[in-house]
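The values are calculated or read from the model by the stated rules, or taken from the named source; none is laboratory data. This structure is a prediction, so every number in the text was calculated from the model and none was measured. Neighbour counts are summed over all protein chains in view; Cβ atoms, including those assigned to glycine, are modelled from backbone coordinates with ideal geometry.
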Amino acid sequence: MPTSSVPRPRVDALPRALRFPDNFLWGVGTSAHQVEGGVDLDGRGPSIWDTFAARGGTRHGDSGAVAADHRRRMADDVALLARLGVPAYRFSVAWPRVQPTGRGLASQAGLDFYRALVDELLAHGVEPVVTLYHWDLPQALEDAGGWPVRDTAYRFADYAGLVADALGDRARRWGTVNEPWCAAMLGYAAGVHAPGRTEPGAAVAAAHHLLLAHGLGVDVLRGRLSPGAEVGITLNPYPVVTAGTSDADLDAARRIDGIANRLWYDPVLLGRYPDDVLDDLSTVSDLAHVRDGDLGVVSRPIDVLGLNYYRRYHVSYERGAAAVSPWPGSPDVSVAAPDEPATANGWRIEPDGLYESLVRVATDYDPPPLVVHESGGAFPDAVGPHGRVEDDDRIRFLDAHLRAAHAAVAAGVDLRGYFVWSFLDNFEWAEGYAHRFGLVHVDYATQARTPKASAEWFGGVVAANGLPPASPAPPGPACGDP
Ligand code: FCB
């Protein structure tokens, strides 16, 4: 249900210096297509994002062809990570670099790159956190129907096995799928992400097959990794608040909460779909893609649940507002435009939504330990005269979100780690290079890396395992604001 009833922390009432639990895992993240470039290397095949960009799906026609050129600069990037004092690095493997057509033999050169990356991380004392699928489906699999087709889930399981065989002896932390809501709903219903389809029924099938891929992937990873390995999935919760108070507004909020949150939590953590969400979706899908036994696979026990938090959704009823949208079966909902303050890409800054997300999953479910796998913001960074990027706005943003995470820990949530999005400025999907999320600035003309003030600040947080008393005040609206 909408989470507005979750008690909010009074951040200004919290002590200014906060310590996180011992062994808390601090890290930064990227994903393959957003940083690697090197699309001509390793026999890599095209992904749906190459095709989507070539067809004009991204701002200014930007693509991931070069991105932060990390495929070529990997060793320097890892050395930089270590210099910044970052203990863990969450990255994704590009499926089309490992299996150019999404099926059959692996590209040894592709696997070698990821082996080298993991070895380099370990040599620098940085813990690798592997994500298998961060949205770059091999185009050949999309040509065969993509995620709406059941076979894609089995192809993913094969691919998971290839990567596990190659990296299983050196990487201990594994995630199957990143943010399946985005992959299914932005990609196949709203059409604003690759592959750019606007087919609500297909999006519902894609959602199920992404979940099935996760479950099949867990089985494969369990079979190939050592018993100490940690396996999970990364979801992206959105606390939903109602912008109005009518029954229709409340129903709109229920619908959005259903598709954004419960459609993922319930199958993974409870082994069933929520009835009300199935009712909503049944207006666009006969749901015949859900087969007996599937939900048992989807709900295989996991060791960790990754959560990516960026913002809340403010929802009200509006007839016909969402005819083409990421909300299949719910055309009469409106997700409000953000008010100030917002990040450079217009996402409202609401750190207390992170607290709500963590408390909600811990309260409504019985999840495994949680890790924030992504939290960060885009800000209008500029390299100053002395080569410095003074991103105080990002520092305030992260400070406020870390306080919200700490408040969740204080409320009893078993939160084990926190990864800032992102290590490097990168290709922000449909937005191309318009927005910078990195702790490290990337000059795309020269590929020069410049750590921002926030990188240094984050190093201090890691070293202190908490927020030093000198941390700046959080930006409004802070946690605890009405
Ligand atoms: C998340 C994605 C990540 C990045 C951030 C800003 O939804 O997982 O790749 O684009 O948003």
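Here are some notes:
- Count of residues meeting criterion [buried (at least 16 other Cβ atoms within 10 Å of the Cβ) and away from the ligand (no atom under 16 Å from the Cβ)] in segment 121-145: 10
- Residue in segment 291-310 that is of a type in the set (Gly, Ala, Ser), modelled with pLDDT of 95 or more and buried (at least 20 other Cβ atoms within 10 Å of the Cβ) present: yes
- Count of segment 211-262 residues which are under 14 Å from ARG360 (Cβ atoms) and assigned to a strand (DSSP E or B): 3
- Restricted to segment 20-83, the set of helices (runs of 4 or more DSSP H) holding at least 3 residues that are more than 16 Å from the ligand (Cβ to nearest atom) and in contact (Cβ under 8 Å) with a residue 24 or more places away in the chain comprises 70-83.
- Consider segment 231-251 and keep the residues that are among the β-branched types (Val, Ile, Thr) and within 15 Å of the ligand (Cβ to nearest atom). The one that is nearest to LEU167 (Cα to Cα) is ILE233.
- Selection status of VAL118, crowded, with 20+ Cβ neighbours inside 10 Å and within 16 Å of the ligand (Cβ to nearest atom): no
- For segment 288-337, filtering for residues that are in a loop (DSSP other than H, G, I, E, B), away from the ligand (no atom under 16 Å from the Cβ) and touching a Ser or Thr at 6+ places or on another chain (Cβ under 8 Å) leaves 8.
- In the set ARG150, ARG97, only one residue is in contact (Cβ under 8 Å) with a residue 12 or more places away in the chain, closer than 22 Å to ALA202 by Cα and of a type in the set (D, E, K, R); that residue is ARG150.
- Any hit, segment 325-333, residues being surrounded by fewer than 17 Cβ atoms within 10 Å (Cβ to Cβ), in contact (Cβ under 8 Å) with a residue 60 or more places away in the chain, within 27 Å of ALA206 (Cα to Cα) and hydrophobic (A, V, I, L, M, F, W, C): no
- Scanning segment 263-287 for residues being within 22 Å of the chain's Cα centre (by Cα), part of a helix (DSSP H, G or I) and surrounded by 20 or more Cβ atoms within 10 Å (Cβ to Cβ) gives a total of 6.
- Residue count for segment 102-136, restricted to those that are outside any helix (DSSP H, G or I) and either within 24 Å of the chain's Cα centre (by Cα) or not aliphatic (A, V, I, L, M) (or both): 17.
- The criterion of at least 2 residues that are crowded, with 17+ Cβ neighbours inside 10 Å and within 16 Å of the ligand (Cβ to nearest atom) is met, among strands (runs of 3 or more DSSP E) falling completely within segment 365-462, by 370-375, 415-421, 440-443.
A quick yes/no check of all residues on (1) in contact with a His (Cβ under 7 Å, 6 or more places away or on another chain); (2) at pLDDT below 95; (3) closer than 30 Å to SER285 by Cα; (4) not basic (Lys, Arg):
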{"site": "GLY57", "(1), (2), (3), (4)": "no, no, yes, yes"}
{"site": "HIS60", "(1), (2), (3), (4)": "no, no, no, yes"}
{"site": "ARG71", "(1), (2), (3), (4)": "no, no, no, no"}
{"site": "GLY85", "(1), (2), (3), (4)": "no, no, no, yes"}
{"site": "ARG97", "(1), (2), (3), (4)": "no, no, no, no"}
{"site": "ARG115", "(1), (2), (3), (4)": "no, no, no, no"}
{"site": "ARG155", "(1), (2), (3), (4)": "no, no, yes, no"}
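- The listed residue being within 23 Å of the chain's Cα centre (by Cα) and either crowded, with 22+ Cβ neighbours inside 10 Å or more than 23 Å from ASN178 (Cβ to Cβ) (or both), out of ARG19, ARG59, ARG90: ARG90
- If you go through segment 168-180 and pick out every residue that is surrounded by 21 or more Cβ atoms within 10 Å (Cβ to Cβ) and either among the small types (Gly, Ala, Ser) or in contact (Cβ under 8 Å) with a residue 60 or more places away in the chain (or both), you end up with 6.
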